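The values are calculated or read from the model by the stated rules, or taken from the named source; none is laboratory data. Since we're looking at a predicted model, the values are computed, not measured. Reconstructed Cβ throughout: ideal geometry from the backbone, glycine too, with neighbour counts over all protein chains shown.
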Amino acid sequence: MTDDGDSGGGGAWGRAPARLSELLGLVEAALLDERDRSAFLDETTRRLSASLHHGRTARALVELVIPKLADASVVVLPASGRRTHWHRAGPGDARSAGEVAVDALERIPKVADALYGLQPRPAVIRPKEMAGLDDVLPGELVHGEEALVVQLAAGGVPAGALIMLRGPERARFEDADIELAHKFAERAGLALATAALYSQQAHTIAVLQAGMAPEPLPVADGLRLGAAYRPAAEALRISGDYYHVARCPAGGVTFFFGDVSGKGAEAAVLAGHVRQSMRTLAMVKRGPDPLGDLQVLNDLVISAGRRFTTLVTGSARPCDDGSVKVDIASGGHLSPLVLRGDGRVEEIVCEGMLVGVVPDPSFGCREFRLAPGELMLLYSDGVTEARGGMSGREIYGDERLVDALAGCVGMQAASVAERLELLTTEWLAGRPHDDISLVTLQAPPRRGSPPHHRPEGPGGSASAGERESTGGPGNTGEPGSTGEPESP
C-alpha cells in the first residue's frame with residue numbers, strides 16, 4: 001500500500017509550518033498596518049483639536065496628510081461670496097494660501113460636489129481634469145497619475161473640500177487609502193466646522209463688544225475725567241454696567257452711570273438699550289434734564305421686559321472760580337462719593353427708586369460743588385461686593401472703598417479710577433466677580449497749588465492718560481490711554 005505522504009516530513013504535512021508562518025506574517029503585517037493607521041488618526045485628532053482658530057486648523061489638516069496619504073494637499077473652504085479661501089501644503093514643507101473664484105471650482109463637478117456636501121465618499125480624479133486651478137494646485141504634481149477629492153463636513157454641514165495629490169512615481173490610491181482618507185475626513189470636517197463656528201461666534205461677540213463697550217471719555221475744558229471697566233464675563237467683554245460722558249456745547253459735560261440687574265449677555269443687551277435711549281434723549285432735548293430723563297427711561301425699561309436698572313445721571317459745569325457745579329438725579333443707584341481736598345470722603349446721598357420697577361416712581365436729585373482738586377466717584381456694586389480676603393468670601397465693602405479713595409487725595413482723576421480698580425482686583429485675587437465700573441470727575445487743582453501727599457504703591461503717580469483741558473496756555477488737552485476704558 002502506497003503512502004501519499006512523505007515519511008521524512010515532506011508533502012502537505014511538511015509544508016504546513018511554512019504556510020502557517022506565512023499566514024502569521026500576513027496577520028502581523030495587517031496588525032502593524034492597522035496600528036499605523038490608528039496612530040495616524042489619533043495624531044489627526046490630537047493636532048486638529050489643539051486649536052479653534054479656523055486658519056490654523058485648515059493649515060494643520062493639509063499638513064497632516066503628507067506623506068501618509070499624499071505628496072501635496074489643498075483644502076478649499078466654503079464660500080461666502082464669489083471667491084473663497086484655500087490652504088496648501090506641498091513637497092519640501094512648502095505652505096501657501098490664497099483665494100480662488102467659485103466659478104472655477106464649479107466647473108469641476110467632483111470638487112464642487114465635495115465643497116457643497118454632495119459627495120459623501122472620496123472620489124478619484126486626474127489632476128488634468130482640474131484645469132483652471134493652476135494657481136491652487138502645486139505645479140510639480142499637476143501631471144501626477146491621480147488625485148483624491150474628499151468632502152469635509154460635520155453633521156451634514158459642509159466644511160470644505162480636501163484635494164490630495166500624488167506624484168507620478170507614487171502608486172495610485174488603493175481601497176485602503178481611500179478608506180483611511182474617509183476616516184481622516186470625518187475628523188478633519190468636525191474640527192474645521194467647529195473652528196468655523198467658533199470664528200463666527202468670536203466675530204459676533206466682537207461686534208457686540210464694539211456696540212456695548214463704553215466710549216472713550218471726552219476732553220472737556222475745566223474738568224478731569226477717568227474711568228475703569230472690567231466686565232464679569234471677561235472672555236466676552238460685555239457687561240450689565242454702563243456709563244457715558246459727553247461734552248455740552250455750552251461747556252461742561254453730561255453723564256450717566258448705571259447697572260442692570262443680573263449679568264452676562266441679557267444684562268448687556270438691556271444696558272445697551274438704556275445707553276442708546278439716554279443718548280437719544282440728550283440729542284432731542286435742549287439742555288440737561290436729569291429728572292425728566294429718568295421718568296422717560298423708566299417707561300422704556302418697563303416696556304423692555306422684566307429686568308430693571310439703577311441709574312445716576314447729571315451734569316457738571318466748571319465755574320469761574322475754578323470749582324465745578326454738579327447736578328445729579330438718582331434712580332436707586334449707589335450714592336456718589338466725593339473726595340474733598342483735605343482727604344475726607346463725603347457720601348452724596350440722593351435717594352430714588354429703581355428704574356423700571358413701577359410706573360410712577362419717585363427719583364431724588366441733588367446739587368453740590370467740587371472745589372479745585374476735589375473729585376467725584378461713581379461706581380457699581382461690583383466694587384463693594386467683590387469677594388476675597390483670606391477666606392475668599394469676605395466682601396470688599398464700603399469702608400475699604402472709602403479708605404482707598406481717601407488715600408488718593410492729590411491724585412488725578414484717571415489715576416484714581418485706575419488705582420481703585422487695581423485694589424479691587426487684588427482683593428479678588430483672580431476669583432469670579434460681578435461687573436466692575438468706575439468713573440471719576442474732578443475739578444482741576446489751581447495752578448501753583450502745593451502738591452498733596454500721594455500714597456505709595458500702584459496707581460500712586462499721575463497718569464499720562466489724564467483727561468484735562470483748562471484752556472490755559474501750554475495745555476493741549478490731548479487724551480492718552482490710561483484715562484479711557486480698556487478696549488474689549
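Here are the numbers for this structure:
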item	result
Residue, surrounded by the most Cβ atoms within 10 Å (Cβ to Cβ), within region 195-230, restricted to residues that are in contact with a helix residue (DSSP H, G or I) (Cβ under 7 Å, 6 or more places away or on another chain) and either modelled with pLDDT of 90 or more or hydroxyl-bearing (Ser, Thr, Tyr) (or both)	226
The one condition in (1) buried (at least 20 other Cβ atoms within 10 Å of the Cβ); (2) assigned to a loop (DSSP other than H, G, I, E, B) that residue 75 fails to fulfil	(2)
Pairs with Cβ under 8 Å, 6+ apart, first in region 114-125 and without any contact (Cβ under 8 Å) to a residue 40 or more places away in the chain, second in a loop (DSSP other than H, G, I, E, B)	125/108; 125/146
So residue 121, is it outside any strand (DSSP E or B), farther than 20 Å from residue 148 by Cβ and of a type in the set (Lys, Arg)	no
When residues of region 277-313 are limited to those that are in contact with a helix residue (DSSP H, G or I) (Cβ under 8 Å, 6 or more places away or on another chain) and of a type in the set (S, T, N, Q), the one surrounded by the fewest Cβ atoms within 10 Å (Cβ to Cβ)	277
Filter pass, residue 326 being at pLDDT below 95, touching a Pro at 6+ places or on another chain (Cβ under 9 Å), of a type in the set (Val, Ile, Thr) and in the same structural domain as residue 378 (by TED's automatic domain parsing)	no
Yes/no for residue 352 being farther than 30 Å from residue 445 by Cβ and in the same structural domain as residue 224 (by TED's automatic domain parsing)	yes
For residue 185: the one exception among (1) of a type outside the set (D, E, K, R); (2) closer than 17 Å to residue 62 by Cβ; (3) surrounded by fewer than 20 Cβ atoms within 10 Å (Cβ to Cβ)	(3)
Count of residues meeting criterion [in contact with a strand residue (DSSP E or B) (Cβ under 7 Å, 6 or more places away or on another chain) and either modelled with pLDDT of 80 or more or among the hydrophobic types (A, V, I, L, M, F, W, C) (or both)] in region 136-151	9
Leading residue by the ranking (surrounded by the most Cβ atoms within 10 Å (Cβ to Cβ)) among those in region 378-400 that are assigned to a strand (DSSP E or B) and either in contact (Cβ under 8 Å) with a residue 24 or more places away in the chain or not aliphatic (A, V, I, L, M) (or both)	379
